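Structure first, commentary second.
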Amino acid sequence: MKDWEKNVRTVVPYVPGEQPKEKNIMKLNTNENPYPPAPGVAEVLETFDADRLRLYPDPLAADLTDALADFYHVDRNQVFAGVGSDDVLAMIFLTFFNSRKPVLFPDITYSFYDVWAEMLRIPYEQIPLDHDFFIIPEDYKKENGGIIFPNPNAPTGRLMELSQIEEIIQANPGVMVVVDEAYIDFGGVSALPLVDRYDNVIVVQTFSKSRSMAGSRIGYAISNPCVIKYLNDVKYSFNSYTMDSVTIALGVAAVKDKEYFEKTVQKIIQTREWTKEQLRALGFLFADSQSNFIFARHPKVPGPQLFQALKEEKIFVRRFGKPERIADYLRITIGTDEQMQKLVKFLKTYLMEQET
Ligand SMILES: *Cc1c(COP(=O)(O)O)cnc(C)c1O
């Protein structure tokens, strides 16, 4: 080891899902939306005046936070915009998780949480989900330096009742409770109303899934103005101009088209329910997902084997090797009806071949 290497901030990085370059693959591995963004987004791209790029963007992304404030009926100073919710969540870890006590999150959850905690030297404790992959609120009533969980949880798809979230918040008035709602639009009830009733709640959402804009990198947090002020102070001390002017305009166009948003989300919910029936009929086991993916295993085929068979068929899904109890599970993103039909057809044939 060289001397300077002793001073390196070594990290084990988060490993995102594969983005294969091949054409003609079915990409069901990173929970992207199969439908295009709202039509107004393409219009902005076609008409954006390149001359505007001479100027720095608005560090507050006020056009976007205003549009979001309108949409969610909150005040503009209750909204914080970031470059994907990954950026928003990282800023939240940096701003609010500064205790010597451990930050609590589930053992099976978004695998970025422990990476940020490690990188920022934040102590943390991973709380096991129960056997059916439910979060147990009771387990979050101990000394801690903050709490974060996705609702619905990823990669399980399990939705938590709002009353249970409230129970966790009530038991923890001394720390920040962060609800990562990356998938809430696919059938859950948002914790947003709790932001008015408790001063220690942050709701985080993203344009990457329900708004079909993973490539634009837009995420946001909604909380009370005091919390948003703390977040902006940290953000400005790190990098003030994070979201570019084009993205701000694209985001506004997407938020303004409520009808398109609701239509595509409904379509995905419909396809998901159809896919659940089909997978169940094929003998798959899974928690009842309220997101745009299904986390399933087949009792007769090991996870790695099924993952490989799908890949050879050019169907990409996501598999997490760890912890051991999810080793046989595959996380399958809900695509179009046609994609799901192809998937089910292949699985049917494949499982029949295994029987013989
Ligand atoms: C996808 C996802 C995110 C990150 O979304 P971006 O906005 O694309 O950064 C955050 N949390 C969870 C649970 C997710 O699944």
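The values are calculated or read from the model by the stated rules, or taken from the named source; none is laboratory data. Source: prediction; values computed, not measured. All Cβ positions, glycine included, derive from the backbone under ideal geometry; neighbour counts span all protein chains shown. SASA here: full protein model, heavy atoms, side chains in, ligands and nucleic acids out. Shrake-Rupley method; radii C 1.70, N 1.55, O 1.52, S 1.80 Å.
Being under 25 Å from the mean Cα position of the chain (by Cα), more than 18 Å from Arg158 (Cα to Cα) and buried (at least 16 other Cβ atoms within 10 Å of the Cβ) is the requirement here; does Gln339 meet it?
When the stated conditions are applied, Gln339 passes them.
What number of residues within the stretch 186-210 are more than 23 Å from Thr271 (Cβ to Cβ), within 16 Å of the ligand (Cβ to nearest atom) and touching a Leu at 6+ places or on another chain (Cβ under 7 Å)?
Number satisfying all stated conditions: 3.
Do the conditions hold for Val178, that is, is it at pLDDT 95 or above, away from the ligand (no atom under 15 Å from the Cβ) and among the aliphatic types (A, V, I, L, M)? So Val178 fails the test.
When the stretch 130-157 is filtered for residues that are out of contact with any Leu (no Cβ under 8 Å at 6 or more places or on another chain) and within 12 Å of the ligand (Cβ to nearest atom), the ones remaining, listed by number, are Phe149, Pro150, Ala154, Pro155, Gly157. List pairs: first residue in the stretch 36-50 and surrounded by 10 or more Cβ atoms within 10 Å (Cβ to Cβ), second residue of a type in the set (Phe, Trp, Tyr) anywhere in the structure, Cβ distance under 6 angstrom, at least six positions apart or on different chains. Matching pairs, first to second residue: Ala38/Tyr260. Screening Tyr110 with (1) in contact (Cβ under 8 Å) with a residue 60 or more places away in the chain; (2) within 16 Å of the ligand (Cβ to nearest atom); (3) surrounded by fewer than 21 Cβ atoms within 10 Å (Cβ to Cβ) gives one miss only, at (3). Look through Ser190, Ser223, Ser216 and report the one residue that is out of contact with any Gly (no Cβ under 6 Å at 6 or more places or on another chain), more than 29 Å from Ala42 (Cβ to Cβ), among the small types (Gly, Ala, Ser) and modelled with pLDDT of 95 or more. Just one listed residue meets the conditions, Ser223.
Only one of the numbered conditions (1) over 24 Å from Val8 (Cβ atoms); (2) among the hydrophobic types (A, V, I, L, M, F, W, C); (3) open to solvent by less than 50 Å² (accessible area, probe 1.4 Å) is violated by Ala117, and that is (1). The condition (being among the small types (Gly, Ala, Ser), in contact (Cβ under 8 Å) with a residue 40 or more places away in the chain and within 13 Å of the ligand (Cβ to nearest atom)) is satisfied by just one residue among Ser85, Ser99: Ser85. Scanning the stretch 265-285 for residues that are open to solvent by less than 40 Å² (accessible area, probe 1.4 Å) and not in a helix (DSSP H, G or I) yields Leu282, Gly283, Phe284. Considering only the stretch 211-218, I want to know if a residue exists there that is more than 12 Å from the ligand (Cβ to nearest atom), open to solvent by less than 20 Å² (accessible area, probe 1.4 Å), among the hydrophobic types (A, V, I, L, M, F, W, C) and within 20 Å of the chain's Cα centre (by Cα). Among the residues of the stretch 211-218, not one is more than 12 Å from the ligand (Cβ to nearest atom), open to solvent by less than 20 Å² (accessible area, probe 1.4 Å), among the hydrophobic types (A, V, I, L, M, F, W, C) and within 20 Å of the chain's Cα centre (by Cα), which makes the answer no.
Residues in the stretch 1-35 that are open to solvent by less than 90 Å² (accessible area, probe 1.4 Å) and either part of a helix (DSSP H, G or I) or among the hydrophobic types (A, V, I, L, M, F, W, C) (or both): Glu5, Val8, Val11, Ile25, Met26, Leu28. Pairs are defined by a Cβ separation below 9 Å, a sequence spacing of at least 6 or placement on different chains, a first member in the stretch 52-70 that is among the aromatic types (Phe, Trp, Tyr), and a second member that is at pLDDT 95 or above; the pairs so defined are Tyr56/Ser245.
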